[in-house]
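S.K.: I am attaching a structure below and will ask some questions about it afterwards.
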Amino acid sequence: MAVTFSELRTVVFGSHSRGDYQVGLKAIEGYEATNEDEGASLAFWRMCLLSLLGRVDQACSVFAQSLDEGEWWGPQMLGDSDFENVRHLEEWKQLSEISLQRASGAAIELSPIDLAGKGDVESALVLFHGAASEPWAMIGRFEHALSMGYRLICLRGDEPYSRTRQGWSNSRGDQHALRQLEAVGHLTGPVLVGFSQGAGLAAHLSWSGQYPCKGAVLFAPSFSIRGMPFASPQRVPAPIYLHVGTMDPSLDDARQVARTLQQSGVPVRLLEQRGLGHDWPDDLDQVMLEAMAWINENG
């Protein structure tokens, strides 16, 4: 039976973390992309794995072919440690220069993705993707919410990482997100949902009071330069639901955040999933059902 792109990603990332690079490469070569966005991800993963395997000529070949097809990657992506074996090559340097030039001239998409739910539910889930992530892929993870009536709004990061991937800058990310939310207009009982870097931004907007919301659901949150939380004294604090894996490097920060918010009077629930790294839970739909029920009880 053919694997889905999500299943392929799990295989590739798992083999990468174990150092079984050939396993990941074989899985990629046995998968046929269904759209351009998948193709761009496959190309980048192949470049990484080929470099790690020392097959530098092939890594350069995939890079060159991808550029010919209109792809590009910015400094955040090309700075990946997986490329240490190819970074010194003159051909790689030339290809990188082309890619970086395209990145520097890339336009920022200002309009969020906005999808209406099927039903009478008025609430909206406002999605914040992680660094080097695809907004449409973020939407795809929460499509089940549309059938439950929720409106889905996925904000787009202000920092281009590749043709399809974006992230949030430390200096402008907050205001970029708020401008998109202003363009969307008034929302009834919005719940902010973020992953990694996007979770850190969603959390900051929530607990600082910059964007009133019913609550926030944070997966594998990365708080980075925005720092640890505080509760705004000007408003009733929205409940925060944290989901993080026990193998996630951000676990200690999540625990500290939960303690800090609780001391500030913010309703907090921290769910630690055993064995999970910096990733989404396999049972995301069920986790979201539990998270939304908890927010509705505590909001």
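S.K.: The conditions are (1) under 13 Å from Pro239 (Cα atoms); (2) surrounded by 24 or more Cβ atoms within 10 Å (Cβ to Cβ); (3) among the polar types (S, T, N, Q), and Ser208 fails exactly one of them. Which is it?
M.R.: (2)
S.K.: Quick check: anything in segment 113-120 assigned to a strand (DSSP E or B), touching a Lys or Arg at 6+ places or on another chain (Cβ under 8 Å), at pLDDT below 90 and more than 21 Å from Gln197 (Cα to Cα)?
M.R.: no
S.K.: Now a separate question. Mind listing just one residue for me: the one in segment 187-233 that is of a type in the set (Ser, Thr, Tyr) and under 19 Å from the mean Cα position of the chain (by Cα) and, of those, modelled with the lowest pLDDT?
M.R.: Among residues in segment 187-233 that are of a type in the set (Ser, Thr, Tyr) and under 19 Å from the mean Cα position of the chain (by Cα), the one modelled with the lowest pLDDT is Ser224.
S.K.: Looking at His144, His176, which one is over 21 Å from Gly215 (Cβ atoms) and not assigned by TED's automatic domain parsing to the domain that holds Leu42?
M.R.: The conditions single out His176.
S.K.: Next question, about the same structure. Go through segment 5-43 and report how many residues are hydroxyl-bearing (Ser, Thr, Tyr) and surrounded by fewer than 15 Cβ atoms within 10 Å (Cβ to Cβ).
M.R.: Within segment 5-43, residues that are hydroxyl-bearing (Ser, Thr, Tyr) and surrounded by fewer than 15 Cβ atoms within 10 Å (Cβ to Cβ) number 3.
S.K.: Follow-up question, since we're still on this one. Taking the conditions exactly as written (among the aliphatic types (A, V, I, L, M), at pLDDT 90 or above and under 17 Å from the mean Cα position of the chain (by Cα)), does Leu270 satisfy them or not?
M.R.: The answer is no for Leu270.
S.K.: Under the condition of being modelled with pLDDT of 80 or more and within 18 Å of Gly189 (Cβ to Cβ), which residue from segment 121-139 is surrounded by the fewest Cβ atoms within 10 Å (Cβ to Cβ)?
M.R.: Our first condition is that a residue be modelled with pLDDT of 80 or more; within segment 121-139, this holds for 123-139.
Still in the running and within 18 Å of Gly189 (Cβ to Cβ): 123-128.
Details: Ser123: 19, Ala124: 24, Leu125: 24, Val126: 25, Leu127: 25, Phe128: 29.
Only one residue tops the list, namely Ser123.
S.K.: State yes or no: is Arg46 assigned by TED's automatic domain parsing to the domain that holds Glu97, out of contact with any Phe, Trp or Tyr (no Cβ under 8 Å at 6 or more places or on another chain) and surrounded by 15 or more Cβ atoms within 10 Å (Cβ to Cβ)?
M.R.: Against the criterion (assigned by TED's automatic domain parsing to the domain that holds Glu97, out of contact with any Phe, Trp or Tyr (no Cβ under 8 Å at 6 or more places or on another chain) and surrounded by 15 or more Cβ atoms within 10 Å (Cβ to Cβ)), Arg46 qualifies.
S.K.: Follow-up question, since we're still on this one. Here's a check for you: in segment 262-292, which residue that is polar (S, T, N, Q) and in contact (Cβ under 8 Å) with a residue 12 or more places away in the chain is surrounded by the most Cβ atoms within 10 Å (Cβ to Cβ)?
M.R.: Gln273
S.K.: On the basis of being within 20 Å of Lys93 (Cβ to Cβ) and among the hydrophobic types (A, V, I, L, M, F, W, C), does Ala59 make the cut?
M.R.: Considered against the rule, which asks whether it is within 20 Å of Lys93 (Cβ to Cβ) and among the hydrophobic types (A, V, I, L, M, F, W, C), Ala59 comes out as yes.
S.K.: Does Gly149 qualify as being of a type outside the set (Lys, Arg), touching a helix residue (DSSP H, G or I) at 6+ places or on another chain (Cβ under 8 Å) and modelled with pLDDT under 90?
M.R.: no
The values are calculated or read from the model by the stated rules, or taken from the named source; none is laboratory data. Given the structure is predicted, the values throughout are model-derived calculations rather than measurements. A quick note on method: Cβ atoms are made from the backbone with ideal geometry, for glycine too, and the neighbour counts reach across all protein chains shown.
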